[in-house]
Amino acid sequence: ADTANVLEYADEESVVQTRFATTVLALLRAHLEAEGALPPGVRPLADAAHDAARALAAPLPAAALAAGQLTFLGTGWCHGLAQEAALKLREAAQSWTEAYPAMEYRHGPISITGPGRVAWVFGPLPTGLAEDVSTVGGTLVADSQVGAVDTALDPMADLVRAQRLAVVRAEAAGHDPDRPRNLTRSVILDSAASR
């Protein structure tokens, strides 16, 4: 590599690595933005950072706090965010979570949805999905449901809400969200050795 990005200030202390995923995604978005290559529908990174502050202050969805099961959904690059959200809730809170591409969810996985279960959508809400979730008795959480498209949280900032949810659910269940059972830190970098 010709360039090293040392992020010593962002040392990941938690076994549940939330900084790593968001930092890598932010770095990728910054690179694509600098190259003028952001994919259609992906906003500038500054918008995501602004929205992250909003996500920290926003109340968490009550249905997601109490849900017996959560399914995270997304289309395009937001499917990766859905997978990350599901992983963090499984790791930190030992919650029953799944993740699917939003359109695939309708063809089988929706069968798990029902009362007391939540489908959380990152990014644009596919047409008809809200009705599908409602028909089977589930609750839909989608930031794009609230207000106009230009006021919706950036999907990466919405991941912050899911990370906050993981902490709250873990603590409510008596778990340490930073040190979940059966997990250890997989990567520990020694910054002095890497110089």
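The values are calculated or read from the model by the stated rules, or taken from the named source; none is laboratory data. Values in this document were obtained by computation on a predicted structure and should not be read as measured data. Don't worry about glycine lacking a Cβ; one is built from the backbone with ideal geometry, like all the others, and counts go over all protein chains shown. The accessibility values were calculated without ligands, DNA or RNA, using every heavy atom of the protein model including side chains. Shrake-Rupley method; radii C 1.70, N 1.55, O 1.52, S 1.80 Å.
Structure above, values below:
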item	result
Area accessible to solvent at Arg29, 1.4 Å probe radius, in Å²	10
The stretch 15-106, accessible surface, carbon-and-sulfur percent (1.4 angstrom probe)	64
Computed FRET value (nearest 0.05) for Ala66 with Thr23, which takes r as the C-beta separation and R₀ as 35 Å	0.70
Full-stretch length increase - Ala4, Ala34 - with 0.36 nm per residue and alpha-carbon distance subtracted	9.1 nm
Computed over the stretch 1-140, Cα set: Rg, Dmax in Å	16.7, 54
